[in-house]
Structures are given as structure tokens and as C-alpha cells.
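Read-outs throughout are calculated quantities, based only on the coordinates presented, and are distinct from any laboratory measurement. Every value quoted in this text rests on a predicted model; they were computed, and no experiment measured them. Using ideal geometry, Cβ is built from the backbone for each residue, glycine included, and neighbour counts are taken over all protein chains shown.
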Amino acid sequence: MSSVVSEGIILIAVVISAAMLSTTFMSGIADLQSSTLVSTKEISETIKTSVNVIHAVKFTSTKTKVWVKNVGSTVIYTSSIENSDIYFGEDGDFSYYDYTPSGEGWAYTLLEGGATKWYPQDTIEITVTSASSLANGDYYVSFTTHNGVKDELYFSIG
């Protein structure tokens with residue numbers, strides 16, 4: 001009789017252990033599935049994003065105008081544009097510029113489309129404001145989107 005009770009206790013312990021292991025395993029699978037879905041969505045967005053820095057000119061002694069076209073197939077919201085990165089300066093001596101609507105840094109204007117979205121095939125005009133006057137010479141500008149898609153342009157002033 002005691003062996004039947006012992007076997008019953010062991011059986012119950014095995015069933016409980018199997019249930020706990022199964023629950024842990026299924027929870028891990030669900031987390032993995034969720035991470036995979038998020039990664040797939042981010043990769044898909046990156047693949048659909050493409051930009052082209054099409055032109056840049058000196059506008060004033062401290063300002064440069066840069067035109068960037070959305071040549072991808074995804075709509076980019078203004079909050080994402082503001083999270084983009086701009087590097088600008090003389091070739092070999094360029095700096096990172098923060099987004100700022102006024103003062104030193106960069107700001108943008110949507111030239112077509114809506115007020116909050118940068119649609120495919122539309123262009124934005126970026127104004128880069130330097131702390132010092134722009135000398136004649138060769139310059140570099142790069143635009144990197146919020147999700148890491150980058151294009152760059154070398155141009156001359158003067």
C-alpha cells in the first residue's frame with residue numbers, strides 16, 4: 001500500500017513538473033514569436049525606405065539648403081523626419097547637427113504632400129545653419145533616416 005501511495009506522489013510530482021516545464025517553454029516560444037514579428041516589421045520598413053540627397057547650395061553666409069527626395073515606397077511621418085541625422089561640413093571636417101526649428105542645427109520644410117507626412121516621391125527642403133560663415137570649398141552632407149537608411153552628397157561652394 002505504501003508503494004502505491006509513493007508511486008502516486010511521484011506521478012503527481014512528474015505531472016506538475018511537466019506542466020511547469022511546458023508553461024515555461026510555451027512562454028519562451030511566445031516571446032520569441034513576438035520578437036520575430038517586431039524584427040520583421042522593422043526590417044520591412046527599412047527595406048521600403050529610401051532617400052536621395054539630390055542637391056545642396058549655399059543660401060546665406062551661414063545657411064545651406066539641401067533637398068532630399070523620398071524615393072522609397074513608405075510614408076515617413078514628421079516625427080520620424082525630426083529623428084533623422086544630418087552630418088554637414090567641409091569635406092573631411094564635418095559635424096553632426098541636431099534638429100532644431102531655429103538657430104544652429106537643421107530644420108526642414110515639406111515641399112509637397114501633407115503637413116505631417118513625407119510621401120514617396122515628395123521632396124523636403126532642409127536648411128542647415130552653421131555657427132560660423134561658410135568658406136569656399138568642397139562640402140559634404142549626409143542624411144540618415146530614423147531607421148538607418150542613408151544618402152550623402154559632396155558639393156562645392158564658391
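May I ask you to verify whether Ser95 is polar (S, T, N, Q), farther than 27 Å from Lys41 by Cβ and surrounded by fewer than 16 Cβ atoms within 10 Å (Cβ to Cβ)? Against the criterion (polar (S, T, N, Q), farther than 27 Å from Lys41 by Cβ and surrounded by fewer than 16 Cβ atoms within 10 Å (Cβ to Cβ)), Ser95 qualifies. For the range 128-151, residues that are of a type outside the set (A, V, I, L, M, F, W, C), crowded, with 16+ Cβ neighbours inside 10 Å and more than 11 Å from Val51 (Cα to Cα) total 6.
Filtered by the rule that a residue be within 28 Å of Trp118 (Cα to Cα) and in a loop (DSSP other than H, G, I, E, B), the range 19-67 gives Thr49, Ser50, Phe59, Thr60, Thr62.
Within the range 119-137, restricting attention to residues that are part of a loop (DSSP other than H, G, I, E, B) and small (Gly, Ala, Ser), the residue that is farthest from Thr78 (Cα to Cα) is Ala135. Taking the range 138-158 as the range and being part of a strand (DSSP E or B) and aliphatic (A, V, I, L, M) as the test, the residues that pass are Val141, Leu153, Ile157. Answer with yes or no whether Glu7 is assigned to a helix (DSSP H, G or I), exposed (fewer than 13 other Cβ atoms within 10 Å of the Cβ) and touching a residue at least 12 places away in the same chain (Cβ under 8 Å). Here the answer is no, as Glu7 does not meet what is asked.
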